[in-house]
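Working notes for the structure below.
The values are calculated or read from the model by the stated rules, or taken from the named source; none is laboratory data. Not measured: the values here are computed from a predicted model. Glycine also receives a Cβ, built like all others from the backbone with ideal geometry; neighbour counts cover every protein chain displayed. In case anyone asks, the SASA skips ligands and DNA or RNA and just uses the protein heavy atoms, side chains included. Shrake-Rupley method; radii C 1.70, N 1.55, O 1.52, S 1.80 Å.
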Amino acid sequence: MSRGSEFVVVANRLPVDRNVGPDGVPRWRRSPGGLVSAIAPVMRRRQGTWIGWVGVPGEELEPFEEDGMALHPIAQSAQEVELYYEGFSNATLWPLYHDVVAPPVYDRAMWDAYVRVNQRFAEAAAKVAAKGAIVWVQDYQLQLVPRMLRELRPDLRIGFFLHIPFPPTELFWQLPWRRRILEGLLGADLVGFQLPGAAANFVRLCRRLLDARYTKQDVYWDDRVVRARAFPISVDVGELDDLVGRSDVQERAQEIRTDTDDATILLGVDRLDYTKGITQRLQAFGELVQEGHIRPGQAVFVQIATPSRERVEQYQLLREEIEQLVGRINGEHGEIGFPVIHYLHSSYDRPELAALYLAADVMVVTPLRDGMNLVAKEYVACRKDLRGALVLSEFTGAAAELKRGAFQVNPYDIDGLKSTLLDALHAEPAEQARRMRSMRRRVIEHDVDRWAEEFLSELENPARSVPAQPPV
Ligand code: ADQ
């Protein structure tokens, strides 16, 4: 029998996707995205195992190796995907944790599936982890895993990181299973959040709901100390730097400018999600065109929206709403060959995204609530030419770090959004450079490697920050 892995990552999805090549042979490809590029190097250095779902309902696969990582697939039936993933994760927790911008669904069958699938992940982790191993659980789909895993394997050191916001007491209180979720998280030694405010919400909830003893950043529970800390996630600056240095990427950026007739480009890049404030930004832009502040042909809005969670009703409604809005604005103000909004409902590879970032004069990031928002940081990381302007919602985690350089907005305030878009459009090159320099300093110093290292070193060296005596 093997000794097991010293380092285990547990996430809803495995870090690879299966694609069928032109020869009809299926192959695994590393999934795009910051989390995978952050954790993949650590996985290889530590010869870790990644536990996750392959993304296909009903598929049962044996553990395999890919891209230098040991992968341990977890099966989910079609019904579990519907109830646990689309249901409790994305129709209950996602809206609840994002300020209830859509009404959360509270459904007992969804909860039961969430418990069942979390238990399956915990059992798999208990099986593959070596004695005393580090296990790092990711995100809102798996909040019960820390406690379930601790019950099975008290020898492990367990970390949890939440990628999305953690709501204030008043909202979290709605959840019928609120106690179970908190107790689930308290199975970890370290619970990481994007922002200090989220960590504070968690500690406050443990006090009010569980009557736990606490200090500002620690909760005393079951004779253990659970640390709650902020670790703002970031992007792979090196990868983006290499991309924007490539001549094909620069040529593609030039081609995008030519294709849009050298108009000023405003760019939005998001998963098609109701938390991202896409409607608000398009509405503000449409009004600026209607009022004559922006002339068709002089500026275009390029909105890239990756299809996301397409079987969840709120996402279908959003798609219809945005398509109607785009159709209306283009119908009223576009001219033949000059739509004012280019709306592209699809996913792009990294070089294409980098080219878009390079071509964009104004990057528009207007979520109603967002844990961090990597798109804002990716844009900054790509602009070593110090050109371009970032319009950034105050309700993103990124706003805390980029506030000095970004044009900050409240996306609920459409007039404010309109005037900020105009400020960003009219910023002089010297002002753009000053703002971009300050944002770049932050992003370069705090890249995604640093995020992973800081989390893991806090998890591995608890003694540094834990007071010896709990408060009375
Ligand atoms: P997301 O809600 O997915 O992430 P974000 O942080 O912006 O939001 O990350 C999206 C990623 O997908 C980016 O790397 C972006 O480049 C990529 N992407 C977006 N649109 C794309 C497209 N059309 N084609 C290809 N790639 C596209 C969650 C939380 C965030 C948190 C991250 C990481 O909601 O708040 O920042 O996790 O913790």
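Counting only strands (runs of 3 or more DSSP E) that sit completely within region 1-107, those holding 3 or more residues that are at pLDDT 95 or above and within 16 Å of the ligand (Cβ to nearest atom) correspond to 5-13. Candidates are the residues of region 130-170 that are within 23 Å of residue 211 (Cα to Cα) and surrounded by fewer than 18 Cβ atoms within 10 Å (Cβ to Cβ); the one that is nearest to the chain's Cα centre (by Cα) is 168.
One residue alone among 80, 66, 62 is open to solvent by less than 60 Å² (accessible area, probe 1.4 Å), of a type in the set (Asp, Glu) and in contact with a strand residue (DSSP E or B) (Cβ under 9 Å, 6 or more places away or on another chain), and that residue is 66. Beta carbons closer than 9 Å, at least 6 apart along the sequence or on distinct chains, pair a first residue in region 144-172 that is under 20 Å from residue 85 (Cβ atoms) and in a loop (DSSP other than H, G, I, E, B) with a second that is more than 16 Å from the ligand (Cβ to nearest atom) and among the hydroxyl-bearing types (Ser, Thr, Tyr) for 144/114. Looking only at residues in region 351-372 that are in contact with a helix residue (DSSP H, G or I) (Cβ under 6 Å, 6 or more places away or on another chain) and open to solvent by 10 Å² or more (accessible area, probe 1.4 Å), the one that is nearest to the ligand (Cβ to nearest atom) is 351. Part of a helix (DSSP H, G or I), assigned by the TED database to the domain that holds residue 359 and open to solvent by 50 Å² or more (accessible area, probe 1.4 Å): which single residue out of 400, 424, 433 fits that description? Among 400, 424, 433, only 400 is part of a helix (DSSP H, G or I), assigned by the TED database to the domain that holds residue 359 and open to solvent by 50 Å² or more (accessible area, probe 1.4 Å). For the condition buried (at least 16 other Cβ atoms within 10 Å of the Cβ), touching a residue at least 12 places away in the same chain (Cβ under 8 Å) and of a type outside the set (Phe, Trp, Tyr), residue 196 does not qualify. Looking at region 286-322, which of the residues that are open to solvent by 60 Å² or more (accessible area, probe 1.4 Å) and in a loop (DSSP other than H, G, I, E, B) is farthest from the ligand (Cβ to nearest atom)? Only one residue fits best here, namely 291.
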